[in-house]
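Chemist: So that we are looking at the same thing, I have put the structure below in structure tokens.
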């Protein structure tokens, strides 16, 4: 394979007929089928506010899934996202409640801390060749432990600015409203889509995930790119903590336990290949919304145990991994 072919292979091919879109389309179709089924089965389900609530309730997952998509696209994984989220809420809560710091300054400090954690994990992975699973597992323990160094108790956010932002709503007449969480999530999603599809950095991510050896032969700065990927994901994890702070108005070391599994599941259901090199940020959006619609259906039913949400997500995850394996196998036969 020559250099021109390698460069072409590193770019995501757009077009809905591409096999790379099959999992994304499947996730989107599943979401709309579930929404239609809920509308038929339950009174009041079919409304704009029900749709908006999916974004309001899952805004923190949407933000985290954006960063995780880039990580998995590169062939990596990050287990620290839930812990970094909790650490961010603790930093903001403690600085605003105990130090009476301006909430915007406290947020900037929390975002910088999350980005720094991501940078540290990226450094271990890129320069010390520590497997991503081990490096981010260490990051998970570090961030979660740091929460309890701040406080072992939940810290309420009573700052008036934080409370005002948490209660702010953008209304669409009688149709419904969205919160500031949704605005932040949409901005991060759009940034993730732009970075992954329309920048050299994004093309490098796809190339590394597709074949790291080929990426090195193409003179792509693999180590630097990996560090930037995990730094960006650290920023997204911290930003999801900011969003979660508006949602809960508290900082707590037990926030978002197990969230990393939900984020990874959403990204995979959204069509991103676990081996890397294939996937799209907007696919992960449908992955998160699919998790949200399952939870909403169970809530509207009222008689089904909430743990069926986890069981259903597990079944969907296995199904989409099987679909991905089928797509890869068909692609290999077609070569």
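Read-outs throughout are calculated quantities, based only on the coordinates presented, and are distinct from any laboratory measurement. Computed from a predicted model, the values in this text were never measured in an experiment. We place every Cβ from the backbone using ideal geometry, glycine too, and count neighbours over all the protein chains shown.
Chemist: How do 64, 240, 47 line up, fewest other C-beta atoms within 10 Å first? Could you put the intermediate results ahead of the total?
Modeler: Values: 64 37, 240 34, 47 12.
Listing 64, 240, 47 from fewest to most nearby Cβ atoms yields 47, 240, 64.
Chemist: Rounded, prolate or oblate: which fits the chain, taking a ≥ b ≥ c as square roots of the Cα gyration tensor eigenvalues, rounded meaning a/c under 1.5, else prolate when a/b beats b/c?
Modeler: Values: a/c = 1.89, a/b = 1.18, b/c = 1.61.
Oblate.
Chemist: Between region 287-310 and region 143-203, how far is it from one alpha carbon centroid to the other, in angstrom?
Modeler: The distance from the Cα centre of region 287-310 to that of region 143-203 comes to 23 Å.
Chemist: Follow-up. For the pair residue 326/residue 99, report the inter-label distance in nm, with labels modelled 7 Å from Cα in the Cβ direction.
Modeler: Going by the 7 Å Cα→Cβ label model, 5.3 nm.
Chemist: Same structure again: Just need the relative contact order of the chain here, percent rounded to a whole number, with Cα pairs under 8 Å and 6+ apart.
Modeler: Numbers: 559 pairs, mean separation 113.4, N = 335.
Taking the mean separation of contacting Cα pairs over the length of the chain, I get 34 percent.
Chemist: Compute the FRET efficiency between residue 216 and residue 112 as 1/(1 + (r/R0)^6), taking r as their Cβ-Cβ distance and R0 = 35 Å, and round to the nearest 0.05. It would help to have the intermediate numbers written out before the result.
Modeler: Details: r = 31 Å, r/R0 = 0.89.
It comes to 0.65.
Chemist: Sticking with this one: Please compute the length gained on full extension between residue 261 and residue 153, using 0.36 nm multiplied by the number of residues separating them and subtracting their Cα-Cα distance. Please list the in-between numbers first.
Modeler: On the way: separation 108, 0.36 × 108 = 38.88 nm, distance 2.46 nm.
Contour length minus the Cα-Cα distance gives 36.4 nm.
Chemist: Counting only C-alpha contacts under 8 Å and six or more residues apart, can you give the relative contact order of region 118-244 as a whole percent? Before the final figure, lay out the partial values.
Modeler: Numbers: 78 pairs, mean separation 49.4, N = 127.
So the answer I get is 39 percent.
Chemist: Which length gain, in nm to one decimal place, applies between residue 274 and residue 133 when the Cα-Cα distance is subtracted from 0.36 nm times their residue separation?
Modeler: The residue 274-residue 133 span can extend by a further 49.5 nm.
Chemist: Highest GNM mean-square fluctuation, the chain, Cα pairs closer than 10 Å: which of 99, 156, 266?
Modeler: Fluctuation is largest for 99.
Chemist: Give me the number: length gained by fully extending residue 311 to residue 33, i.e. 0.36 nm times residue separation minus the C-alpha to C-alpha distance, one decimal in nm. If you can, show how the numbers build up before the last one.
Modeler: Numbers: separation 278, 0.36 × 278 = 100.08 nm, distance 1.89 nm.
Residue separation times 0.36 nm, minus the Cα-Cα distance, leaves 98.2 nm.
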